[in-house]
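Undergrad: Below you'll find the structure I mean.
The values are calculated or read from the model by the stated rules, or taken from the named source; none is laboratory data. All figures in this text were calculated on a predicted structure; none of them were measured in a lab. Every residue, glycine as well, gets a Cβ built from its backbone with ideal geometry; the counts of neighbours run over all protein chains shown. Remember, those area values only see protein heavy atoms, side chains included, never the ligands or the DNA or RNA. Shrake-Rupley method; radii C 1.70, N 1.55, O 1.52, S 1.80 Å.
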Amino acid sequence: YNSIEGRIIPSQRSMLLDALISFEDTIHSQTTVKSHNHPNSTRIGISWRNKKECERFVENLQRAAGRLKDKNQHLRMMHSRLITHTIELMDCDLLTMKSSWLKKFNDAKQIIDEAFSSHAMERTSDW
């Protein structure tokens, strides 16, 4: 997870918001308990001395990080495919190769439609 920020395409950050919130929720999912020494303070309720508790926390964290990584990889793949289709469109003469151009255009549009169907419109506007 610590290295994923560098692999997120900036214009797709808002499209990852749900996965990021889910990851954060996993971190904060441990019950909050009052500290014995300071009754007004709280701490995360995981005891690092309890092996089962630690294993469960790490497994949940790894699953959430995996979901975030998978979602980011999917978005990066969509972005890459869209770039490829855009380059192909620029290389295709609309006047002499109209049907080929339209097919490439529709392929690119399908990628965009997939993104719009999976994410709220306001989260795709930057992309």
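Undergrad: So how far apart, in nm, are the two label points at Thr124 and Leu17 if each is 7 Å from Cα heading toward Cβ?
TA: In this crude label model, Thr124 to Leu17 measures out at 1.5 nm.
Undergrad: Using a 1.4 angstrom probe with every protein chain in place, what is the largest-first accessible-area order of Asp113, Asp25, Asp107? Please list the in-between numbers first.
TA: On the way: Asp113 65, Asp25 85, Asp107 40 Å².
So the residues, ranked largest to smallest area, are Asp25, Asp113, Asp107.
Undergrad: Go through (1) 102; (2) 132; (3) 182 and flag the label whose value is the computed volume of the Cα convex hull per residue in Å³ for this structure.
TA: Read-out taken from this structure: (2).
Undergrad: Let me spell out the model: positive unit charges on the Cβ of Lys and Arg, negative unit charges on the Cβ of Asp and Glu, origin at the Cα centre of the chain. What dipole size does that give, in debye rounded to 20?
TA: Numbers: 19 positive and 16 negative charges, 115 e Å.
For the chain, the charge dipole is close to 560 debye.
Undergrad: Oh, and also: Check cross-link reach from Lys109 to the lysines: straight Cα distance under 29 Å, and skip same-chain residues fewer than eight apart.
TA: Lys69, Lys71, Lys98
Undergrad: Sequence neighbours fewer than 8 away in the same chain don't count; with that in mind, list the lysines whose C-alpha is under 25 Å from Lys51.
TA: Those lysines meeting the cut-off are Lys34.
Undergrad: Sticking with this one: List the trypsin sites (Lys or Arg not before Pro) within the range 40-127 that fall in a DSSP loop (any state other than H, G, I, E or B) and whose Cβ has at most 10 other Cβ atoms within 10 Å.
TA: Numbers: sites: Arg43, Arg49, Lys51, Lys52, Arg56, Arg63, Arg67, Lys69, Lys71, Arg76, Arg81, Lys98, Lys103, Lys104, Lys109, Arg123; in loops: Arg49.
Here the sparse-neighbourhood loop sites are Arg49.
Undergrad: 7 Å from Cα along Cα→Cβ at both Thr86 and Gln73: what's the point-to-point distance in nm?
TA: It is 2.4 nm.
Undergrad: How much length would be gained if the chain were fully extended between Lys98 and Lys52, taking 0.36 nm per residue of separation minus their Cα-Cα distance, in nm to one decimal? Walk me through the intermediate numbers first.
TA: Details: separation 46, 0.36 × 46 = 16.56 nm, distance 6.29 nm.
Difference between extended and current length: 10.3 nm.
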